[in-house]
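Nothing in this text is a laboratory measurement; each read-out follows from the coordinates by a stated rule. Bear in mind that the values here come from a model prediction, so they are computed numbers and not experimental data. Using ideal geometry, Cβ is built from the backbone for each residue, glycine included, and neighbour counts are taken over all protein chains shown.
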């Protein structure tokens, strides 16, 4: 697969300012021309592999910072924020946005943080707790949901455990020997609503019998994340989050490490490429659930060994989104407040044992191939509510040619036109429309009626 070009002029410019050197001085040190460095800093030239290595050698610069430090998540993420009706009169075009990122990356980052904190949510009630979700998601997307140190630590532990025998037994034995923790499977009525409990007094990791084998193995791997505590805490400290957001971010990193142990990066990527990213085969090979495999697919961004650019959304029947990861895809689809009803991902609720696939096209012409499947997370007490969600994976249509799920699909053919939810979509004459776009005046006539009752004034 061809490597995507990396534009990260803002990171080079920031490094130069921190070092207090001129463009000419840095260009001389890097053995390139000042004019070329100027183009790189202005994101008019990509970062070459040779320049990346020279930066690392000359300034002890970590190349991962090039991909991890895009202000505000990059141009597309800022463009989506600026689409808010609050900024409708400013008419900021793509050229201005690129100039802003190149000339004032810290200003763009400050805007993104302020908007995520306040601008895209209704004002909270006095004394109400603020939702840490946007902060946590921003911290994840800053790294494109790829944490190289955790992958390396998890892979090393997986290799060590692999030599000790069957994965579940090897993890249980490591917990017993190294951490003095016994693993006990207890009846569901004893555990009640809890699926997992760490009893330090009894030195036990207690698991409910309601958990299936993949969930039990993942729970053990999460407990073993104590062995990557230093790496996890360094990432939490570096994220600069509020205290309320630190806990869910730490929980995400713990689950990430668990996935790195149960689905080690190199082996998992080889299996993906050999099988055409066949989800069911990957589940069986790694003893993982559909949700675990789907989440892992969004993390495959190791330098020199990248997987495909998957994004992920998880939502319920009402369209309420509980997880969204753009990964390296940059897809605007993950920004939908409520997924478009024309997206056949909803069909997966009725086809619980099947995968729903679809070629879709957004308003800006971006095309994606999506794969959706219904999942049943483990509930609490017997007889209680059994939750159901759809996990929807997607990637740019241009990358989907090797997918097993895309066989027989004409990726250059007609795509379903979908939007980011009615309040964000400006497609005219959509018969499925349930509301006019935010900030658009209602329009209509008493003498005629179109395909939708929700007409609105155009630009």
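Across the chain, the relative contact order, built from alpha-carbon pairs under 8 Å that are at least six residues apart, equals 11 percent.
Centroid-to-centroid, using Cα positions, the range 294-308 and the range 401-431 are 24 Å apart. Taking a ≥ b ≥ c as the square roots of the eigenvalues of the alpha carbon gyration tensor, the range 9-68 is rounded, as a/c is under 1.5.
Calculated [222 nm] ellipticity per residue, helices only, for the chain: -11500 deg cm²/dmol; basis is -39500 (n - 2.57) per DSSP H run with n ≥ 4, divided by all residues, nearest 500. Taking a ≥ b ≥ c as the square roots of the eigenvalues of the Cα gyration tensor of the range 162-206, is the shape rounded (a/c under 1.5), prolate (a/b larger than b/c) or oblate? Note, shape of the range 162-206 comes out oblate.
For the peptides 40-46, 252-258, the ranking by packing is 252-258, 40-46, with the highest mean count of neighbouring Cβ atoms within 10 Å listed first.
Look at where the Cα atoms of the range 216-258 and of the range 183-201 average out, and the two centres are 21 Å apart.
Which shape class, rounded, prolate or oblate, goes with the range 263-425 when its Cα gyration tensor gives a ≥ b ≥ c as root eigenvalues, a/c under 1.5 marks rounded, and past that a/b bigger than b/c marks prolate? Verdict is oblate for the range 263-425.
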